[in-house]
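What follows is one structure encoded as structure tokens, with my remarks underneath.
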Amino acid sequence: MSDNTACAGGALDVVDDADLAPFNTFGLRARAARLVHVRAVAALQAAVAAPHWHLGPRLVLGGGSNLVLTGDFPGTVLKVELRGRRLLRTEPEAWIVEAGAGENWHDFVRWTLAQGWAGLENLSLIPGTVGAAPIQNIGAYGLELVERFDSLDAVALDSGVLRSFSAAECEFGYRDSVFKRNPGRWLVTAVRLRLPRPWQAVTRYADVARELAARAIEAPGAADISDAVVAIRRRKLPDPAVLGNAGSFFKNPVVAADTCARLLATHSDLPHYPQPDGGEKLAAGWLIEQAGWKGRDRGPVGCYERQALVLVNRGGATGADVQGIAQAIVADVEARFGVRLEPEPVFV
Ligand code: EPU
């Protein structure tokens, strides 16, 4: 059933008892009591002001690429479909580019490159939307979103008030932000990126350096880096359109330096990366592979054969199946290494 509730500033498209399978890249089966397609900020604000709004829980959904649905959702799912992208202003040291939260992230990255505004190329081919990028501070191949972030706009879902957030106000961390820690409190409507002038290539990540060397590119431009990242991701990561997944399923754990030293004594090949706070970040994919899970299935969910950090839906999986294999992996890695892995996606 679908109806268009006319609101000031545009229509709000509402669907009752909606199928969520097409809206989560894991392809998990679940339904929502109500699904709202958010296509205009003013329509959303009008909906927040309506008396029935405060009934039931709320879930803000972008591309659904970092989400594990563990069952049906009894409340309102807000599907963000706010569009638009533009150069907001040119500063001596940066281009400030703005995009609606519902724009596809990778299309947006390629569009900025085509316009000659480099800086996002290392984040090519990350699934999901522009609005979701700051929520988990996406990062890959030597770059995190926070390094290119200017500010964003968000609507408070309890009051309907639209406000801006600076980088400091977003409280970014590794795959973390104030929005990820307070789900359902704000809906991000637009994001502004700060793309540096002059541009400098970020090629320190081993995989990127290797790929560029293999292509005999010595002084890469932004498009070369984007192409290299796309090639690496296509090799290692499953395409959600073909094999359901939510990207990295676990965060790379940060441990104390002495814990890392203890592990290195028995596992000299353990990948580890020193952190500014003195800790060491370990490669969760390596720990999972050593624990014997790479390429192994448990029911309809598998640990991906080319990157152990990714769990895949081999067909018909539910959220409970995902939780089952995830708990088994966490238990095995903890028993073997004494390190507790934490999931990266949001569980609903
Ligand atoms: N490794 C293994 N076995 C595996 C996977 C990895 O031994 O099955 C080892 C690799 O050999 C390497 C190290 O682990 O020494 C790191 O592997 P990789 O470069 O593939 O990166 P990652 O740490 O596994 C992180 C991000 C990815 C991002 C890549 C590239 C997290 C949780 N994941 O993965 O992000 O694309 O780096 O920068 O930080 C995502 O967040 O959804 C995601 C895909």
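The values are calculated or read from the model by the stated rules, or taken from the named source; none is laboratory data. Bear in mind the structure is a predicted one, so any value in this text is a computation, not a measurement. As a convention, Cβ positions derive from the backbone with ideal geometry for all residues, glycine included, and neighbour counts pool all protein chains shown. The protein model used for the area step is the full one, side chains on, heavy atoms only, and it has no ligands, DNA or RNA in it. Shrake-Rupley method; radii C 1.70, N 1.55, O 1.52, S 1.80 Å.
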State which residue pairs qualify: first residue under 13 Å from Leu263 (Cβ atoms) and open to solvent by 40 Å² or more (accessible area, probe 1.4 Å) and inside region 285-296, second residue outside any helix (DSSP H, G or I) and more than 9 Å from the ligand (Cβ to nearest atom) in any location, beta carbons under 8 Å apart, and separation of 6 or more residues or different chains. Gln290/His267
Outside any strand (DSSP E or B) and open to solvent by less than 10 Å² (accessible area, probe 1.4 Å), is that true of Val109? yes
Subset of region 235-253, residues among the hydrophobic types (A, V, I, L, M, F, W, C) and within 11 Å of the ligand (Cβ to nearest atom), comes to Leu237, Ala246, Phe249, Phe250
Suppose we filter Thr76, Thr112 for residues that are in contact (Cβ under 8 Å) with a residue 12 or more places away in the chain and under 19 Å from Ile135 (Cβ atoms); which single one remains? Thr76
By residue number, the members of region 322-348 that are among the small types (Gly, Ala, Ser), within 16 Å of the ligand (Cβ to nearest atom) and open to solvent by 70 Å² or more (accessible area, probe 1.4 Å) are none
Residue check for Leu282: in contact (Cβ under 8 Å) with a residue 40 or more places away in the chain, within 15 Å of the ligand (Cβ to nearest atom) and either surrounded by fewer than 22 Cβ atoms within 10 Å (Cβ to Cβ) or farther than 30 Å from Asp19 by Cα (or both): yes
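For (1) aliphatic (A, V, I, L, M); (2) within 16 Å of the ligand (Cβ to nearest atom), each residue gets a yes or a no:
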position	(1), (2)
Pro57	no, no
Leu67	yes, yes
Leu82	yes, no
Glu93	no, no
Among (1) farther than 20 Å from Arg83 by Cβ; (2) among the charged types (D, E, K, R); (3) more than 14 Å from the ligand (Cβ to nearest atom) - the single one Asp150 does not satisfy: (1)
In region 292-305, residue farthest from the ligand (Cβ to nearest atom) [restricted to those that are touching a helix residue (DSSP H, G or I) at 6+ places or on another chain (Cβ under 8 Å), part of a loop (DSSP other than H, G, I, E, B) and within 17 Å of Pro343 (Cα to Cα)]: Trp293
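To keep it simple, each residue is scored yes or no on (1) under 22 Å from Arg83 (Cα atoms); (2) within 16 Å of the ligand (Cβ to nearest atom).
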| position | (1), (2) |
| --- | --- |
| Gly160 | yes, no |
| Ser177 | no, yes |
| Leu187 | yes, no |
| Arg197 | no, no |
| Val202 | no, yes |
| Leu212 | no, yes |
Can you give me the number of residues within region 112-133 that are open to solvent by less than 40 Å² (accessible area, probe 1.4 Å), assigned to a loop (DSSP other than H, G, I, E, B) and more than 21 Å from Leu237 (Cβ to Cβ)? 4
So if I check each of Arg194, Arg175, which one is touching a residue at least 60 places away in the same chain (Cβ under 8 Å) and either surrounded by fewer than 14 Cβ atoms within 10 Å (Cβ to Cβ) or on the phi > 0 side of the Ramachandran plot (or both)? Arg175
If the requirement is being closer than 26 Å to Pro253 by Cα, free of Cβ contacts under 8 Å to residues at least 60 places away in the same chain and exposed (fewer than 15 other Cβ atoms within 10 Å of the Cβ), which of these qualifies: Arg235, Arg185, Arg181? Arg181
